[in-house]
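Bear in mind these aren't lab numbers, they're just calculated from the coordinates by the rules spelled out. Fair warning: this is a prediction, and the values are worked out from it, not measured in the lab. Every residue, glycine as well, gets a Cβ built from its backbone with ideal geometry; the counts of neighbours run over all protein chains shown.
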Amino acid sequence: MKKYIDSGKKDTRSGFGDGLEELGKANENIVALCADLTGSLKMGAFKKNHPNRFFQVGIAEANMMCMAAGMTIGGKIPFTGTFANFSTGRVYDQIRQSIAYSDKNVKICASHAGITLGEDGATHQILEDIGLMKMLPGMTVINTCDYNQTKAATLAIAEHKGPVYLRFGRPKVANFTPEDQDFEIGKAIHLIEGNDVTIVATGHLVWEAIKATETLNNKGISADVINIHTIKPLDKKAILDSVSKTRCIVTAEEHNYLGGLGESVARTLAENLPTPQEFVATQDTFGESGTPEQLMEKYGLNAKAIVSACERVLSRK
């Protein structure tokens with residue numbers, strides 16, 4: 001079984017900030033807008049080095065989205081930055097009407113997603129944003145797993161024509177993907193070869209899936225692990241190729257099981273290859289205050305929960 005090494009825990013939001021700064025140096029059409037969270041979104045370097053292309057709009061997220069949409073008309077490539085809750089739920093009307101419906105080239109970059117926002121609690125956490133965004137026609141939805149992948153994705157979406165939702169997190173997590181990776185939108189990454197069960201994971205749950213395979217291997221269970229960084233468009237071929245071999249699947253995400261990656265996978269299977277599936281996700285609930293580790297344990301979003309889900313789905317084959 002292939003081994004993955006944590007090169008040192010780093011927060012994914014810093015991957016976004018470093019990627020944005022690199023883009024700022026390379027392309028004068030890149031502009032950045034922030035809703036009073038420059039430090040939290042790690043946009044300080046861009047602000048310092050490209051002050052004429054940085055716009056601090058204050059706590060006015062709806063205005064920020066409309067400003068970004070307007071900037072695209074002049075050929076600019078706007079990157080908006082705020083918490084995932086405020087990047088989606090607070091401004092859904094503006095995104096739908098001014099960005100998605102109008103097919104504007106806006107990159108909606110959302111930090112502090114899921115319950116690993118932690119102590120700020122349910123009002124700042126969001127567990128339904130992937131569902132909100134993937135249902136918008138023409139919207140690309142990306143959820144990265146570590147610092148390196150977030151930086152690579154930030155660079156990649158600048159080249160993509162059309163609206164993008166890029167989702168990442170607050171805490172420091174394992175950094176295990178290649179530093180020099182080429183990020184291909186819509187192309188899943190096959191991490192570990194296995195024959196007994198497919199594990200499809202996204203975001204922070206990818207590393208947890210890798211950890212789960214060690215426990216599974218000790219139990220004599222061989223897991224096929226796929227990193228789905230792009231929720232939409234979904235790499236259906238990668239999923240179906242794996243499931244045609246294993247005949248059962250577990251999906252893992254830091255999101256509500258309603259509307260997230262798991263539902264997209266379930267639809268793919270229902271249409272092509274009906275297969276037993278278990279969902280590692282939150283169960284139609286809001287979050288609460290606590291450390292990221294406490295919340296991941298309570299809501300069943302860790303390697304232990306993935307192992308249990310694999311055992312359940314294997315019993316249904």
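If a paramagnetic tag sat 7 Å from the Cα of His160 along the Cα-Cβ line, which residues of segment 86-108 would have the backbone N under 13 Å from that point?
Under 13 Å, as judged by backbone N against the label point of His160, lie 105-108 of segment 86-108.
Where does helix 303-314 land angle-wise versus the long Cα axis of the chain, in degrees 0 to 90, nearest 10?
For 303-314 against the chain, the angle is about 50 degrees.
Using only helices, what value at 222 nm comes out for the chain when you add -39,500 (n - 2.57) per DSSP H run of length 4 or more and divide by the total residues, to the nearest 500 deg cm²/dmol?
Result for the chain, helices only: -10500 deg cm²/dmol.
With a cap of 16 neighbouring Cβ atoms within 10 Å, and only residues DSSP puts in a loop, list the trypsin sites (Lys or Arg not before Pro) found in segment 106-162.
Sites meeting the loop and neighbour criteria: Lys161.
If Lys and Arg each add +1 and Asp and Glu each add -1, what is the summed charge of the other residues whose beta carbon sits under 15 Å from the beta carbon of Ile5?
So the surrounding residues net to +1.
Two decimals, Cα atoms only, Kirkwood Rh: what is Rg/Rh over the chain?
We get a ratio of 0.97 for the chain.
Restricting to the chain, what percent of DSSP beta bridges are antiparallel, rounded to 5?
Looking only at bridges with both residues in the chain, the antiparallel portion is about 20 percent.
Below 8 Å, C-alpha to C-alpha, sequence gap of six or more: please give me the relative contact order for the chain in percent.
So the answer I get is 18 percent.
Find the relative contact order for segment 10-173 and round it to a whole percent, using C-alpha pairs within less than 8 Å whose residues are 6+ positions apart.
31 percent
So what is the relative contact order for segment 220-317, in percent, with contacts set as C-alpha pairs under 8 Å and at least six apart?
Taking the mean separation of contacting Cα pairs over the length of segment 220-317, I get 29 percent.
Over its Cα atoms, what ratio of radius of gyration to 2.2 N^0.38 Å does segment 189-314 give?
Ratio of Cα Rg to 2.2 N^0.38 Å: 0.97.
Please arrange Arg170, Arg53 by counting, for each residue, the other beta carbons lying within 10 Å of its beta carbon, fewest first.
Listing Arg170, Arg53 from fewest to most nearby Cβ atoms yields Arg53, Arg170.
Chymotrypsin sites (Phe, Trp or Tyr not before Pro) within segment 230-317: which are DSSP loop residues with at most 14 other Cβ atoms inside 10 Å?
Phe286
Rg (Å, one decimal) plus Dmax (Å, integer) for the alpha carbons of segment 10-173?
So, for segment 10-173, Rg and Dmax equal 13.9, 41 Å respectively.
Could you derive backbone 3J(HN,Hα) for segment 160-170 from the dihedral phi with the Karplus parameters 6.51, -1.76 and 1.60 (θ = phi - 60°), listing whole Hz in sequence and x where the residue is Gly or Pro?
7, 8, x, x, 9, 10, 10, 10, 8, x, 9
When averaged across all projection directions, what area in nm² does the alpha-carbon convex hull of segment 14-63 cover?
If I average the Cα hull's projected area over directions, I get 3.3 nm².
With each pseudo-label sitting 7 Å past Cα toward Cβ, what's the Asn63-Asp120 distance in nm, one decimal?
Going from the Asn63 label point to the Asp120 one covers 2.0 nm.
By the scheme Lys and Arg +1, Asp and Glu -1, what is the net charge of all other residues having a beta-carbon under 15 Å from that of Pro171?
-2
Sort Met139, Met1 by Cβ crowding within 10 Å, fewest neighbours at the top.
Met1, Met139
Step through the residues of segment 251-261 one at a time and calculate ³J(HN,Hα) from phi using the Karplus curve (6.51 cos²θ - 1.76 cosθ + 1.60, θ = phi - 60°), rounding each to whole Hz and writing x for Gly and Pro.
After applying 6.51 cos²θ - 1.76 cosθ + 1.60, I find 9, 9, 7, 8, 6, 4, 5, 7, x, x, 4 Hz.
Report the charge-dipole magnitude of the chain in Debye, nearest 20, computed about the Cα centre from +1 at each Lys and Arg Cβ and -1 at each Asp and Glu Cβ.
About 340 debye.
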